[in-house]
1. If you go through the range 332-351 one residue at a time, how many are part of a helix (DSSP H, G or I), touching a helix residue (DSSP H, G or I) at 6+ places or on another chain (Cβ under 7 Å) and surrounded by 17 or more Cβ atoms within 10 Å (Cβ to Cβ)?
2. Being part of a helix (DSSP H, G or I) and either on the phi > 0 side of the Ramachandran plot or surrounded by fewer than 22 Cβ atoms within 10 Å (Cβ to Cβ) (or both) narrows it down to one of LEU100, LEU91, LEU95, so name that one.
3. Do we have any residue at all in the range 73-80 that's more than 17 Å from SER304 (Cβ to Cβ) and either of a type outside the set (A, V, I, L, M, F, W, C) or free of Cβ contacts under 8 Å to residues at least 12 places away in the same chain (or both)?
4. For the subset of the range 122-144 comprising residues that are in contact with a Phe, Trp or Tyr (Cβ under 7 Å, 6 or more places away or on another chain) and surrounded by 21 or more Cβ atoms within 10 Å (Cβ to Cβ), which member is farthest from MET191 (Cα to Cα)?
5. If I go through the range 131-161 residue by residue, how many of them are modelled with pLDDT under 95 and among the hydroxyl-bearing types (Ser, Thr, Tyr)?
6. Residues GLU75, GLU110, GLU81, GLU115: which one is of a type in the set (D, E, K, R), at pLDDT 95 or above and either closer than 18 Å to PRO41 by Cβ or in contact with a strand residue (DSSP E or B) (Cβ under 9 Å, 6 or more places away or on another chain) (or both)?
7. Quickly run through the range 254-276 and pick out the residues that are at pLDDT 95 or above, in contact with a Lys or Arg (Cβ under 8 Å, 6 or more places away or on another chain) and either under 19 Å from VAL199 (Cα atoms) or assigned to a helix (DSSP H, G or I) (or both).
Amino acid sequence: MAADRPAPVRIEDYADPQFTPDVQAMLAAIAPLAGTLELTPAALMDQARAETGLDDFGPRDFVERLDVYCTALREEAGLSELGWFNNHTQLVKVLRNRLLVEDLVRRHPEILDLELAAPIIVCGLPRTGSTHLHNLISADPGLRSLPYWESLEPVLPEAERPGPGDPDPRRERCQVGLDFLHAAMPLFDRMHEMTVDHVHEEIQLLLIDCSTMLMETSTMVPSWAAYYREHDQTSSYRYLRKVLQCLQFLRGGHRWVLKSPQHLEQFPVLAEVFPDATFVVTHRDPVAVTASMTTMVTYGARMSVAHPDPHAYGAYWADRLERMLTACVRDREALPAARSVDVQFGDFMADEDGTVARIYDLAGQPLTDDARAAMTRFLTAHPRGRHGAVAYDITQFGLEGRERRDALRFYTDRFGVSAEA
């Protein structure tokens, strides 16, 4: 019940993150190791080869992207020792995942013949109801979604494959990572709940091709971001399709529910790579979105940067979100009119059942009694705001609401988005 929910909190330690003694002890243990790690494609690829015993990374175009990103991390990001360790760990895992994907396809080429039947793709910025909608639809047992643990390690090495009734080791590894995340960022669940089984975005899978907006969300890497924007993303979305085929081969499923904010600026690519998809575009007051998105990203920056500058993050993400909304307005007609729908945040919150029914009707997906019951169970188990809320204040990031509202009027006018108080 609402009365039992924690009171909203205001985050005050963006620029000088405060950690508990336990987390400080873990950071001290990481520090000596961080200085031994090399952030270059050659070193990262060598370690991934050593850890898997595999050598085939598939198409090599990713190496240039990885090099641009590593250079930006070394020269622009101002990484802390934790940031150096986290980014090295993540990139080795990405390359290990790529080797395992390529090995699986080599052993089972029939994977590439699997049909990805008419996925339902949610496109919308964070805080627009996109995550809640994604979770709600994904509760339907008739649809296939991506749990967090699977997104981090889509293909398990053959040597680790569990026997009948044995646990999947990926779940335990995922929980260990989440335990540290929750200790270091205890307020993060108030903005975006993270659990082993929660439904995750395919942005994590796009990382395997070293081309995704995820690479600019943990710290500021302007040269990488410029490189990403200047390059067509079709090949990386095709690689995403390949990874989804691998997951379908390994764990079944037929019709996917997908979702990511970065899709807002990739409508033509989405329509080409997933030509039979149904697209759901979510909308909310972009000033409220800017405040909450910048809060979440700046709070998360403590995992990579010792002293994040809130005003720098505010300027960066105000511009980045404006660019994304510009692309959304420019390319909205690239999505097929007969298989796309715009969903306003207020309308969704006022009528969740009706919104889902409208999407299912558009997608030709049966809204069965089992699906409805599963969604009801999800809502009961995951009441909105159960972890409490964060008090969002755009001025903490050097931004002014009225200026942002005027700058983004091209978007609100186009989609009839109402301002929030």
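1. From the range 332-351, those part of a helix (DSSP H, G or I) are 332-334, 337-339, 345-350; that's our starting set.
The next check asks that each one be touching a helix residue (DSSP H, G or I) at 6+ places or on another chain (Cβ under 7 Å); those that pass are 332, 334, 339, 347-348.
Add one more test, that the residue is surrounded by 17 or more Cβ atoms within 10 Å (Cβ to Cβ), and what stays is 332, 339, 348.
Final tally of qualifying residues: 3.
2. Values: LEU91 fails: either on the phi > 0 side of the Ramachandran plot or surrounded by fewer than 22 Cβ atoms within 10 Å (Cβ to Cβ) (or both); LEU95 fails: either on the phi > 0 side of the Ramachandran plot or surrounded by fewer than 22 Cβ atoms within 10 Å (Cβ to Cβ) (or both).
Just one listed residue meets the conditions, LEU100.
3. Scanning the range 73-80, I find no residue that is more than 17 Å from SER304 (Cβ to Cβ) and either of a type outside the set (A, V, I, L, M, F, W, C) or free of Cβ contacts under 8 Å to residues at least 12 places away in the same chain (or both), so the answer is no.
4. ARG144
5. Going through the range 131-161 one residue at a time, the tally reaches 1.
6. Just one listed residue meets the conditions, GLU75.
7. The answer is ARG255, TRP256, VAL257, GLU265, PHE267, VAL273.
Conditions (1) surrounded by 17 or more Cβ atoms within 10 Å (Cβ to Cβ); (2) in a loop (DSSP other than H, G, I, E, B); (3) under 25 Å from the mean Cα position of the chain (by Cα); (4) touching a residue at least 60 places away in the same chain (Cβ under 8 Å), marked per residue:
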{"position": "ALA312", "(1), (2), (3), (4)": "no, no, yes, yes"}
{"position": "ARG320", "(1), (2), (3), (4)": "yes, no, yes, yes"}
{"position": "VAL356", "(1), (2), (3), (4)": "yes, no, yes, yes"}
{"position": "ARG377", "(1), (2), (3), (4)": "no, no, yes, yes"}
{"position": "ARG386", "(1), (2), (3), (4)": "no, yes, yes, yes"}
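The values are calculated or read from the model by the stated rules, or taken from the named source; none is laboratory data. This is a predicted model, so every value here is computed, not measured. Heads up, the Cβs are rebuilt from the backbone with ideal geometry, glycines too, and the neighbour counts pull from every protein chain shown.
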